[in-house]
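Structure, as structure tokens:
The values are calculated or read from the model by the stated rules, or taken from the named source; none is laboratory data. It should be emphasised that the depicted structure is a prediction, and the values quoted were computed from it without experimental measurement. Here the Cβ is made from the backbone with ideal geometry for all residues, glycine too, and neighbour counts use every protein chain on show. Protein only, heavy atoms only, side chains kept; ligands, DNA and RNA dropped before computing areas. Shrake-Rupley method; radii C 1.70, N 1.55, O 1.52, S 1.80 Å.
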Amino acid sequence: MKRKILALEKQSRRLESTPAERARWTKKVNAHAANFLEQLPDLQAFAPLGDKGQPLENHPISEESMPLETALNLLEKHMDGIALRPASGGHLGYIPGGGIYPTALGDYLAAVSNQYAGIFYAGPGAVRIENLLCRWMCRLVGYPETAHGTLTSGGSIANLAAFATGRDAMKIRAKDIEKSVIYLTEQTHHCVQKAIRIGGMWEAKISYVKMDSRFRMDANALERAILADKKAGLRPFMVVGSAGTTDCGAIDPLEKIADLAAEHSLWFHVDAAYGGFFLLVESEKHKFRGIERADSIAIDPHKGLFLAYGTGAILVKNVQQLFETHYYKANYMQDAAAHFDEFSPADLSPELTRHFRGLRMWLPLQLFGLRPFRAALEEKLLLTRYFYKEIKKMGFDVGPPPELSVIIYRFVPPGASLEMANEFNARLIKLVVDDGRVFLSSTSLDGVFWIRLAVLSFRTRLKTIETALAVLKNGVEKLLAEA
Ligand SMILES: *Cc1c(COP(=O)(O)O)cnc(C)c1O
């Protein structure tokens, strides 16, 4: 048996790398990354779909090893080079991503040391880093000391964890589900509906509360809906407010919703995945008033802190409630139970073993300090306001004035019907995407086709916005000339 073990060891040792190999690989990967970043400013934000990555299929996972050069070459040609480049400053669609470089270094270090960030006993330093980040975000939203949270992979999972926590804290049992009511608006992010379904409450009543002309929840309509539901023998139990909707950046009237939630004993959740970090900009703080009264909050560092994709957070005002829904007991964890200086992320989240995702957030915040983050966020707000002003001058119809950094607008050719205008804007956006220098996305509100502008990439500059305006202007001229 020993001989067999030693023979296997000889092969399995291949999984360890020599210092020379590591140096060579790291150098190559670094050069690849540097090359990507150097080219990025001149590359299209949206490149043609090309081969859609199909050639990657020609290299199935096999017994044979692939040289690093071949692997990097495949990535460059069939992954980096096609479709959306989320790292580009020209990404002005959906909610843009970022990718500040130290995030990558944090990921690298987390992977090399493979710190165990699930349990305090196993990785006290790593857990402390994640927890101090959560406490920092709790202070940012104005939560008291009883609050805490955990880092998730993104906003969807944060909203899911919040929903499950609210469901349990409100003691919804199986027999209550059909009578339970959850209040959203048509602008609530779809991941909340997904959370309701995954959270076992798809049979509950979802009530879509009327919005005002700026796509914010109408608090009076919410009150009427709650009263009517109560009268009908239903049980209102949760209201979800948005602090920055994905479609047009609207912030629901959080203070008024908090009043109603308190009066009618509802769980008040705020989805601040997109907008939350604008709290770092002093002049915007008042717009979020009432967020500190939410029972739970979802916020996305991979949006508002410009991290590469992979980090969201859930914050709960009374951490005990988050714990009750997620804590974990197992015989094989008994050694860890004695150590409770800090909450273990595994007790506050559905995950046990997971990526040490705190380092990718801690390292950039430490390296840069907060000042440039605040400046970048304010810069994005002003760029949005500038675009709004200019696009109006160009004769476009505009949606509500910018609350944060997402707005909607459309061009209506003289005398065009709704259908014709919708088609015109669909064609316009296609021209923008085909041009590729900037990437815009669209939405439909009450049957009206709108083009969006979402400014949240740290690489978006005044020059980018001027390009976007020019591309739209040329597009309109071209389409009008064709008509
Ligand atoms: C992006 C977003 C989400 C979903 O977050 P992911 O990180 O993409 O999972 C939820 N709500 C709002 C308002 C968002 O903008």
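Side notes on the structure shown:
- Scanning the stretch 283-322 for residues that are out of contact with any Asp or Glu (no Cβ under 9 Å at 6 or more places or on another chain), more than 11 Å from the ligand (Cβ to nearest atom) and open to solvent by 10 Å² or more (accessible area, probe 1.4 Å) yields Lys285, His286, Glu292, Asp295, Val319, Gln320.
- Within the option set Ala273, Ala243, being out of contact with any Leu (no Cβ under 8 Å at 6 or more places or on another chain), within 16 Å of the ligand (Cβ to nearest atom) and over 26 Å from Asp176 (Cα atoms) holds for one residue only, Ala273.
- Of the residues making up the stretch 220-239, none is out of contact with any Asp or Glu (no Cβ under 6 Å at 6 or more places or on another chain) and within 12 Å of the ligand (Cβ to nearest atom).
- Test result for Asp176, acidic (Asp, Glu) and closer than 20 Å to Ala250 by Cα: no
- Sole exception among (1) of a type outside the set (A, V, I, L, M, F, W, C); (2) more than 16 Å from the ligand (Cβ to nearest atom); (3) in a helix (DSSP H, G or I); (4) open to solvent by less than 60 Å² (accessible area, probe 1.4 Å) for Asn73, by number: (4)
- Residues of the stretch 82-113 satisfying the condition of being surrounded by 22 or more Cβ atoms within 10 Å (Cβ to Cβ) and in a helix (DSSP H, G or I): Thr103, Gly106
- Output for the stretch 246-257, where each listed residue is away from the ligand (no atom under 12 Å from the Cβ) and touching a strand residue (DSSP E or B) at 6+ places or on another chain (Cβ under 6 Å): Leu254, Ile257
- Exclusive hit being modelled with pLDDT of 95 or more and more than 30 Å from Ala243 (Cβ to Cβ), set Tyr101, Tyr108, Tyr121: Tyr108
- Picking from residues in the stretch 49-66 that are among the acidic types (Asp, Glu) and assigned to a loop (DSSP other than H, G, I, E, B), the one that is most open to solvent (accessible area, probe 1.4 Å) is Glu63.
- On inspection, Ala273 passes the criterion of being touching a His at 6+ places or on another chain (Cβ under 9 Å) and either open to solvent by 10 Å² or more (accessible area, probe 1.4 Å) or closer than 24 Å to Leu370 by Cβ (or both).
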